[in-house]
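Reading through the structure tokens given below for one structure.
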Amino acid sequence: MTAELGSFALILALVLSLAQACLSITGRIRGSAALTGAGEGAAAGAFLAVACAFTALMIAFVTSDFSVVNVAENSHTAKPLLYKIAGVWGNHDGSMVLWCLALTGFGAVIALGGDGLPTRLKANAVASQGVLGAMFLAYTVFASNPLLRVLHPPVEGASLNPILQDPFLAIHPPFLYSGYVGMSVVYSLAIAALIEGRIDAAWARWVRPWALASWSLLTIGITLGSFWAYYELGWGGWWAWDPVENASFMPWLAATALLHSAVVTEKRGALSAWTVFLALMAFTFSMLGAFLVRSGVLMSVHAFAVNPQRGMLLLGILGVAAGSGFGLFAWRAPSLPGGGLFAPISRETALVINNLFISAAAVTVLLGTLYPLIREALTSDMASFGGPYYTLTFVPLMAMVLLILPIGPLLAWKRADLYGALQRLWVAALLAMAAGALVLLINQPHKALAAFGVALGAWLIAGTLAELADRAHVGKAGPGEAMRRLGRLPRGAWGMTLAHIGMGVFVMGAAFETAWRVEASKVMGLGDHLTLGVYQLSLDSVGPFEGPNFAAERGMVTVTKDGQTVCVGQPARRFYPVQRQTLSKVAICPPGISDIYIVLGERRDDSGRPTWLVRAYWNRWSRLIFFGPLLMALGGVVSLSDRRLRFGLPQRATKPAVAPEPAE
Amino acid sequence: MRLWAALAALAALVCLAAAPDPADELSNPAQEARARAMFEQIRCVVCQNESIDDSEADMARIVRQSIRTQIAAGRSDAQVRGFLVQRYGEFILLRPRFSLANAAAWLVPFVIVGAGGLVILWRARRPPPPPVSPLTAEEEARLAALRDS
């Protein structure tokens, strides 16, 4: 019964979304508050309906109702509760419901919470959100309804792929999807503003909290996903430039560029057309990601439901949403006001350069992902664009952005003193060079580019701190005065500082880990030793271990350094009987910010005594790779808590930077 | 269809979890380092998206052996790569060649930066527009007249 109710609720949500779109549009055209109000009500109703459908699906999963096809295919009675719940979004159809839940949820938030927005802009945005909701709900209802029943229910389910049964994987989709779909609000606000023909500082201020929230969620989602791949897939790496990873990375890059260009639009009224373009681009990339992951057009280790017909439908949605968005943009953008003027050396210029490089980097990722397809279609031979391609294109582009990053915040708006900014950064530059030189000298083999990467990370951290010290007048005023000034800094400034430091931390970790990862592997019997850099690993014992839905063989590996025990790792090989699948469970010991990463291989009995192939990596500074992005997301959250950005609050009167011009 | 998708996913997973066997390593450390560097740039063509350095699949093992044998026989990296491309097609190279067919992918990112940079420079070189001068007394009077009329 619950599944039918859920199906019904899903169809109801589709109808309500259509109503939301029609009512809001009609209300906007007729200027009727009653109709737009009804549209807002429909938006809230659509969200409640999807929430019901989602709950029904969750109930089906938790109670292992195998008469529902989706549950039978993706769940099992012996699965731990967490993975029964995560099973809801661990498959294509269920994850579409999560997508729709986020989409209608954001729509409801604008409809009910967007009191600070002008009526007509809000009605347009709610309508646009309704159209998006209707398209994705129609897709879910007609092409991938997870609540359909099966005629002959099986006694037991097929269970979730064991590789997906992991706490990090279980929680990362909700973050990722909220991030992807949060961009839909940015998109809808862009559409709404283009229809009104008015993009100004106030609009940028309404967009920024949404962009910030989506960006933070996306950052967390990507980091959790990457961490999962790092310790679950057992290949010692954390980023493979896989199409699915790229699919989540492209919206992130677009959102990063958007956050920076929106600042210019908000503070100076300039770059408004470009900001709108990025707002449209961010959600287009989100939808492109959904299409790439779900259509099976690309080869990926994460391949989700591979179904070309669904792919066509998603491509259709992408075409309609992006096509109408960019069509509207092409029509309206020429009539948008140019905005505030700025000198060649100014904070505006620094942010324009930032956007130029980030956009080029995003195009690089797009090309690397799609070029093999394009080439195959044109010349029918296949080419691969793997990691080495990105190392030669994406990495230098981003390095350029990061090199100028600390300078930007020290430049004044409109016209700045570059020499003065550089003067305030010389200590940071010296520190960074010292860090780079030190790392280069200490580590064998000497790798100059990696040392440059570490120096770049140090430059970001030191430069950002230098800017903070400059704002607080450290050195000029007494410590008491400096503390007072720091305390008065707006949350937005703290957010930026945290995010930039996080970027520096990440860059240091990524450069160091990639260059100086130490690895060793050996076929080991009990009591054998393996040398891994400065560490000694010994395989003490291997014994059986019973999990809730798997049987495992678990090793005890003692890690010692100079005779002192550092930690005991317990790498395991799990066997999941339901799927007849074996899975390596990696052991990670953390001495400080580095990881000792141990993988237990297959048992071999060919040499008279049992042996195991043990692989171990000393992933130096690898903790920084995951800690940095979390710091960035924290920066986003801190910035979001800035009173000036809080959604729906009455805005303090601001001087409009540009006079609105009537749209042609 | 669903079963097929599930099987594809399973096949992909088998390719995961790397295990280059230490027993295969070349005795010459310089040659072994070259071989390892090359493994990272060669695709496991039967896996979903992995280098042969990361893959446990048979195909990856065979290509690893082939590369090691060729390097031990004194062939250059370019020769080994040429052999692999002849055998498996350009698809096996994770780092695409600098060829005409790939020109767009290699150049576009830098063209964007170059073109964007030129636009910024061009805008910067344009003389700044003259500052808006305050209205003269005569203009003020006309404005007042217009406003009142």
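Compute the length gained on full extension between A:Gln423 and A:Asp605: take 0.36 nm times their separation in residues and subtract their Cα-Cα distance, giving the result in nm to one decimal.
Net length gain for the segment: 58.8 nm.
List the residues, sorted by chain then number, that are 5 or more residues from A:Glu602 or on another chain and whose placed amide H is less than 5 Å from its amide H.
A:Leu613
So what is the orientation-averaged projected area of chain A, using the convex hull of its C-alpha atoms, in nm²?
33.5 nm²
Quote the FRET efficiency, to the nearest 0.05, computed for B:Phe98 versus B:Leu118 with a Förster distance R0 of 25 Å and r equal to the Cβ-Cβ distance.
0.55
How about chain A: what cysteines have no other cysteine beta carbon under 4.7 Å from their own?
For chain A, the answer is A:Cys22, A:Cys52, A:Cys100, because their Cβ atoms have no other cysteine Cβ under 4.7 Å.
Over all directions, how big on average is the projection of the convex hull of the alpha-carbon atoms in region A:518-619, in square nanometres?
Averaged projected hull area, Cα only: 6.8 nm².
If you average the C-alpha positions of region A:238-285 and of region A:88-144 separately, how far apart do those two centres end up, in angstrom?
Spelled out, the Cα-based centre of one part sits 20 Å from the other.
R0 = 60 Å: FRET efficiency of A:Leu112 with A:Asp381, Cβ-based, nearest 0.05?
Once rounded, the FRET efficiency stands at 0.65.
Modelling each spin label as a point 7 Å along the Cα-to-Cβ direction, I'd like the A:Ala448/B:Asn28 distance in nm, to one decimal.
Label at A:Ala448, label at B:Asn28, 2.7 nm between them.
Report the rotationally averaged projected area of region A:88-144 based on its alpha-carbon convex hull, in square nanometres.
3.9 nm²
Please give the Cα centre distance for region B:99-128 versus region A:67-85, rounded to the nearest Å.
For region B:99-128 versus region A:67-85, the Cα centre distance is 52 Å.
For region A:575-589, take each phi angle, set θ = phi - 60°, evaluate the Karplus expression 6.51 cos²θ - 1.76 cosθ + 1.60, and give the result in whole Hz per residue in order, putting x for glycine and proline.
Listing the rounded values in order: 10, 9, x, 4, 8, 6, 9, 9, 9, 7, 10, 6, 9, 10, 9 Hz.
Suppose each label sits 7 Å from its Cα in the direction of the beta carbon; what would the B:Arg87-B:Glu139 distance come out to in nanometres?
Those two pseudo-labels are separated by 7.9 nm.
If contacts are Cα pairs under 8 angstrom and at least 6 residues apart, what is the relative contact order of chain A in percent?
Relative contact order of chain A: 13 percent.
Could you give the length gained by full extension between A:Glu546 and A:Ala143, i.e. 0.36 nm per residue of separation minus their alpha carbon distance, to one decimal place?
Between A:Glu546 and A:Ala143, full extension yields 141.1 nm more.
Going by the alpha-carbon gyration tensor, a ≥ b ≥ c the square roots of its eigenvalues, is region A:273-403 rounded (a/c under 1.5) or, if a/c is not under 1.5, prolate (a/b greater than b/c) versus oblate?
Verdict is oblate for region A:273-403.
Report the local net charge at A:Gly387: Lys and Arg +1, Asp and Glu -1, summed over other residues whose C-beta lies under 9 Å from its C-beta.
Cβ neighbours under 9 Å give a net charge of 0.
Grab the other residues whose beta carbon is less than 13 angstrom from that of A:Ala552, score K and R as +1, D and E as -1, and report the net.
With Lys, Arg at +1 and Asp, Glu at -1, the neighbours total +3.
As a footprinting exposure proxy, order B:Asp58, A:Asp642 by other Cβ within 10 Å, with the fewest listed first.
B:Asp58, A:Asp642
For every other residue with a beta carbon closer than 13 angstrom to the beta carbon of A:Trp241, add +1 if it is Lys or Arg and -1 if Asp or Glu, then tell me the sum.
Net of charged neighbours comes to -3.
Ignoring everything except DSSP H segments at least 4 long, calculate the 222 nm mean residue ellipticity for the protein assembly as shown; use -39,500 (n - 2.57) per segment, divide by total residues, nearest 500.
-21000 deg cm²/dmol
For the pair A:Leu328 and A:Leu438, what calculated FRET efficiency results from E = 1/(1 + (r/R0)^6), where r is the Cβ-Cβ distance and R0 = 60 Å, to the nearest 0.05?
0.65
So how many Å³ per residue does the convex hull of the Cα atoms of region A:1-165 work out to?
99 Å³
Classify region A:331-417 as rounded, prolate or oblate, taking a ≥ b ≥ c as the square roots of the eigenvalues of its Cα gyration tensor: rounded when a/c is under 1.5, otherwise prolate if a/b is larger than b/c and oblate if not.
oblate
Under a point-charge model restricted to the Cβ atoms of Lys and Arg (+1) and Asp and Glu (-1), what is the dipole moment magnitude of region A:518-619 relative to its Cα centre, in debye to the nearest 20?
So the magnitude is around 220 debye.
Counting other beta carbons within 10 Å of each Cβ, put A:Phe512, B:Phe91, B:Phe39 in order, fewest first.
Lowest count first: B:Phe91, B:Phe39, A:Phe512.
Just to check I understand the Karplus step: with θ = phi - 60° and J = 6.51 cos²θ - 1.76 cosθ + 1.60, what whole-Hz values come out for region A:255-271, glycine and proline as x?
In residue order, the calculated couplings are 5, 4, 4, 4, 4, 6, 6, 5, 4, 5, 5, 5, 7, 10, x, 9, 6 Hz.
Starting with the fewest neighbours, write out A:Lys447, A:Lys561 ranked by other beta-carbon atoms found within 10 Å of each beta-carbon.
Sorted ascending by nearby Cβ count, the order is A:Lys561, A:Lys447.
Only the coordinates and a few stated rules stand behind these numbers; no lab work does. In this text, all values refer to a predicted model and were calculated from it rather than measured experimentally. We place every Cβ from the backbone using ideal geometry, glycine too, and count neighbours over all the protein chains shown.
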